[in-house]
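Bear in mind these aren't lab numbers, they're just calculated from the coordinates by the rules spelled out. From a predicted model like this one, the values you see are computed outputs, not experimental measurements. Note that each Cβ is placed from the backbone with ideal geometry, even for glycine, and that neighbours are counted across all protein chains shown.
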Amino acid sequence: MTHPLFSVVIPTYNEERYLPLCLNSVLNQTMPREKYEIIIVDGYSEDNTVKIAEEKADKVILSEKRGPGDARNKGGRAARGKILLFLDADTVISRSLMEKVYVAFSDPRVVGGTCDIYPLERDSRGYALYSTINLLYRVLYAAGFPHAQTKCCFYLRKTFLEAGGFKKTLIVAEDQELAWRMSRKGRMVYVKDAAAYSSMRRERSMGYARVTWEWVKNYLMALIMETSQRVWEPIR
């Protein structure tokens, strides 16, 4: 493969249930396959995650678990694409997402961004929650305060590396903190008419109220103290 336009980076740990759905949505893009590579950074999964990854990804990196930010940084450094598309392993993307993201980068000021995110499962509470979050994010982007969850976010690789990538000391809210830093280096965009769909497994396991509170708490911790809680247990 010549240098691709996109490098899709997906950190994994025991994701055999969701990873096939995620990869199939990537492989089903309207963007030609030769225009993107898929990189999996796995934390030594104990199920069939690596086997699934090896069947469909271009590169599988095994890495000790040092937090999701560290895994994504390793994927970003190993990438060859102009644009880094970060996805969680339980996220599915709309079929034309890559093409619409690529169009957004035709503006030379753009360094990154995100899109609408909705529940992967049929979940009325989750849909209401994320519809509200999507509206809030659009308002924040318009006001110059961009947010970008790692469920689905994208960055210009050169600028991402210059910025130092995700802050490894943050276990939670590392995605929001990076969006703030990247916004100081260029324009962050909210791509319309594209969407990602992510599992509500954490909300269903921990409860919607608790997860929402944890988001707000860690957002404020990252904003005010440049830190976050030290543990964010995986939900499988």
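Mean separation of Cα pairs under 8 Å and 6 or more residues apart, divided by the residue count, gives the stretch 1-125 a relative contact order of 36 percent. For the stretch 90-222, the share of DSSP beta bridges that are antiparallel, to the nearest 5, is 40%. Secondary structure note: in the chain, about 30% of the DSSP beta bridges are antiparallel. Of L129, L156, L87, the residue with the greatest mean-square motion in the GNM of the chain, using alpha carbon springs below 10 Å, is L129. Restricting the calculation to Cα atoms, the stretch 52-97 yields a radius of gyration followed by a Dmax of 11.7, 33 Å.
In the stretch 6-225, taking the dipole from charged Cβ atoms about the Cα centre, the farthest positive-side position among I83, T132, S106 is held by S106.
Just how large is the dipole of the stretch 37-195 about the Cα centre, in debye to the nearest 20, putting +1 at every Lys and Arg Cβ and -1 at every Asp and Glu Cβ?
Working: 26 positive and 21 negative charges, 154 e Å.
Result for the stretch 37-195 is approximately 740 debye, rounded to the nearest 20.
Percent of Cα-Cα pairs more than 29 Å apart in the chain, please.
Working: 5562 of 27730 pairs.
Percent of Cα pairs beyond 29 Å in the chain: 20.
Mean sequence separation of contacting Cα pairs (under 8 Å, at least six apart), scaled by the length of the chain, corresponds to a relative contact order of 22 percent. Of the cross-linked pairs K59/K192; K74/K151; K35/K158; K65/K192; K35/K74, which ones have a Cα-Cα span greater than 23 Å in the structure shown? Pairs exceeding 23 Å: K59/K192; K65/K192. For the chain, a Gaussian network of Cα nodes joined below 10 Å ranks V216, V92, V110 by mean-square fluctuation, and the top entry is V216.
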